[in-house]
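One structure below.
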Amino acid sequence: MTASVAAFGLLGSLVTACGSSGGDGTTLRLVAPEYGTSPATGSKAYWDRLTTAFTAAHPGKKVEVTLYPWAEVDREVTRMVREGDAPDVALLGAYSDFAAQDRLYPASEVLSIRTEANFLPPLVEAGSVDTVLYGLPFVASSRLLFYNKELFEKAGAKPPKTWSELKRAAEALKTAGVPSPYALPLGPEEAHAEALIWELSNGGGYTDVRGEYTLASDRNTQTFRWIKDNLVGPGLTGPVPPAELNREDAFAAFLRGDVGMVNGYPSLLHEATEKGMKVGTLRMPVSDTLSDEETPPAAGVADWMMAFRHDGNRELVGSFLNFVYQDKNLNEFAERYHLLPATVSATQVSQDAAADPDAEQFLIALRGAQLYPVNEPSWLQVSDTIKRNIGKAVAPSADPGAVLERIAQQAREATESE
């Protein structure tokens, strides 16, 4: 997921409609996650406005929107599909398992040529299975290293460009009394993001050029051994064990001024700026073992629209999705949650309007970013395994290589069971 969210309950239908889609071509059912952190910032207001505008432009058509917390939405849609009651459109963090079951329309069957050609290239690649686009990118973000400038000045630390410089900065911050010099959220909320950021910075990652999992590669093992020996062991990651630290808590500590460095995305920068904090951002520092010619990509994340096949629903689904991807509609959502729109034209409109000048650096990073292997059908299961276990690799008594190999074995089993 790309936004900071809180699970404050199922919000139910937003636009009331009689009945369900049932293949009649008049009522569309959309399931989406809740991006807000409270009713005041909830997604209901956005979908209310969008669906009202859509139905006004398409007399006789109706839309039902149901929101679930991020922690539940994947499970709920999977249940609906299993029970033969899939929605017409869903917005989720992964799509390829449904594509592998031949339950989704390819983009070419529901989007206009202009809309399909408008997605940002890195997102098209991640949204495609065998060169066919099934996952329609909606909003995205990239990750940069945030550092508290005031804490750095107080500690006499310098913004790091390499792992060794990051360690020296963390040591200076600890000496200056900063509770968490570097926040390392490897808890189950979003550990797979922090892990990927570190792996990429050492020339590793989740997959190789063929798209096959490399979870226990030598480079990944070196990465977690370095983190364990140089950050966690010396007490530079704060009082909460990394395996128990979730991203939301790490962000909250950063906003309180208790964290010197943390990997974050645009919405965190917006919150920090609103609080008057002086925050610097930079690309993730790289391993000292990389050559000057090796420039690792940033980590990128996207959320995906997908259109489920039902008899008689293709025309309505196509009309709705082409409406959703109009620049004004996409930008309204992206700006509401300080994320990046997934299309070229919406991005340009947003830049021209200077709605969020800080977003440009994240967009630049996104253009060359490495995304999760969401086009691998087993990814949903593998990412859950990573989230629940990767934090164990940096525990005091852990053997990082053994932990990664156990995760890799579970990934192999998940892939073989497809």
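The values are calculated or read from the model by the stated rules, or taken from the named source; none is laboratory data. Note that the structure is a prediction, hence the values are computed from the model and not measured. When we count neighbours, we look across all protein chains shown, and the Cβ atoms used for this are built from the backbone with ideal geometry, even at glycine. Please note that ligands, DNA and RNA were not included when accessible areas were found on the heavy atoms of the full protein model with its side chains. Shrake-Rupley method; radii C 1.70, N 1.55, O 1.52, S 1.80 Å.
Quick rundown of the values:
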quantity	calculated
Given (1) more than 30 Å from Arg103 (Cα to Cα); (2) crowded, with 18+ Cβ neighbours inside 10 Å; (3) more than 24 Å from the chain's Cα centre (by Cα); (4) of a type outside the set (A, V, I, L, M, F, W, C), index of the condition Ser287 fails	(3)
Pairs where the first residue, in the range 217-245, is closer than 13 Å to Leu186 by Cα and among the polar types (S, T, N, Q) and the second is open to solvent by less than 30 Å² (accessible area, probe 1.4 Å) and not in a loop (DSSP other than H, G, I, E, B), C-beta under 8 Å, 6+ apart	Thr237/Ser180; Thr237/Pro181; Thr237/Tyr182; Thr237/Leu231
Top-ranked residue of the range 299-320 - restricted to ones that are under 17 Å from Val124 (Cα atoms) and not acidic (Asp, Glu), ranked as nearest to the chain's Cα centre (by Cα)	Val301
Identity of the residue in the range 27-40, surrounded by 17 or more Cβ atoms within 10 Å (Cβ to Cβ) and over 19 Å from the mean Cα position of the chain (by Cα), that ends up farthest from Phe333 (Cα to Cα)	Thr27
Hits in the range 96-145 - residues which are of a type in the set (S, T, N, Q), surrounded by fewer than 24 Cβ atoms within 10 Å (Cβ to Cβ) and in contact with an Asp or Glu (Cβ under 8 Å, 6 or more places away or on another chain)	Ser108
Test for Leu340: is it touching a residue at least 12 places away in the same chain (Cβ under 8 Å), touching a Ser or Thr at 6+ places or on another chain (Cβ under 8 Å), surrounded by 20 or more Cβ atoms within 10 Å (Cβ to Cβ) and under 20 Å from Leu123 (Cα atoms)	yes
Residue under evaluation Ala250, criteria (1) closer than 20 Å to Glu405 by Cα; (2) in contact (Cβ under 8 Å) with a residue 12 or more places away in the chain, criterion not met	(1)
Residues located in the range 366-418, provided they are closer than 24 Å to Pro234 by Cα, surrounded by fewer than 20 Cβ atoms within 10 Å (Cβ to Cβ) and more than 22 Å from the chain's Cα centre (by Cα)	Ala395, Pro396, Ser397, Ala398, Asp399, Gly401, Ala402
Those residues of the range 333-381 which are assigned to a loop (DSSP other than H, G, I, E, B), at negative phi and at pLDDT below 85, in sequence order	Ala355, Asp356, Pro357, Asp358
Residues of the range 285-332 classified as among the charged types (D, E, K, R) and not in a loop (DSSP other than H, G, I, E, B), total	6
In the range 44-95, the residues that are among the charged types (D, E, K, R), within 25 Å of the chain's Cα centre (by Cα) and buried (at least 21 other Cβ atoms within 10 Å of the Cβ)	Asp88
Qualifying residue in the range 175-198 (condition: of a type in the set (S, T, N, Q) and open to solvent by 40 Å² or more (accessible area, probe 1.4 Å))	yes
Where a residue in the range 372-384 is free of Cβ contacts under 8 Å to residues at least 40 places away in the same chain and under 19 Å from Pro137 (Cα atoms) and its partner, wherever it lies, is outside any helix (DSSP H, G or I) and not charged (D, E, K, R), with Cβ under 8 Å and at least six apart	none
Per-region count, the range 192-226, residues closer than 19 Å to Asp399 by Cα, hydrophobic (A, V, I, L, M, F, W, C) and assigned to a loop (DSSP other than H, G, I, E, B)	2
Answer from Glu194, Glu153 - the residue that is modelled with pLDDT of 95 or more, more than 25 Å from the chain's Cα centre (by Cα) and of a type in the set (Asp, Glu)	Glu153
Residue in the range 183-198 that is of a type outside the set (Lys, Arg) and without any contact (Cβ under 8 Å) to a residue 60 or more places away in the chain present	no
Index of the failed condition, Pro188 passing every other in (1) part of a helix (DSSP H, G or I); (2) of a type outside the set (A, V, I, L, M); (3) within 16 Å of the chain's Cα centre (by Cα)	(1)
